[in-house]
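Here, each number is a calculation from the coordinates, and none is a lab measurement. Keep in mind that this is a model prediction, so the values were computed, not measured. A quick note on method: Cβ atoms are made from the backbone with ideal geometry, for glycine too, and the neighbour counts reach across all protein chains shown.
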Amino acid sequence: MEIKIGVQNVGREIVLESNQDAETVAKVVGEAINAGSELRLTDEKGRLIIVPGNALGYVEIGAEEVRRVGFGQF
């Protein structure tokens, strides 16, 4: 799923693809905001993204979608 993270006072957002489900990501984001700690997410390639929890502007969690294979339209 696609996750977009907006950081305060930064013009560009951080965009990553994650294998985690939406509820897990929402829980991790909520904990980082409430505790004022860092937000740590891992993308589908294994890279670690760390953002200070107090600098978060917004987090947009995309819908989970099943990947389609082939050229046909359904």
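Things worth noting here:
- CD proxy at 222 nm, helix term only [per DSSP H run n ≥ 4: -39500 (n - 2.57); per residue of the chain; nearest 500]: -6000 deg cm²/dmol
- Each residue of the stretch 13-18 was assigned a 3J(HN,Hα) from its phi angle through the Karplus expression (A = 6.51, B = -1.76, C = 1.60, θ = phi - 60°), giving 9, 8, 10, 9, 9, 10 Hz with x at Gly and Pro.
- Here's how it looks for Leu39: its modeled amide H is under 5 Å from those of Val51, Gly53, which are all 5 or more places away or on a different chain.
- Label-reachable residues, the stretch 24-48, where backbone N falls under 11 Å from a point 7 Å from Gln8's Cα toward its Cβ: none
- Normalised by the number of residues in the stretch 1-46, the mean separation of alpha-carbon contacts (under 8 Å, six or more apart) gives a relative contact order of 32 percent.
- Given the chain, longest segment not containing exposed loop trypsin sites (Lys or Arg not before Pro) (DSSP; at most 10 other Cβ within 10 Å): 13-44
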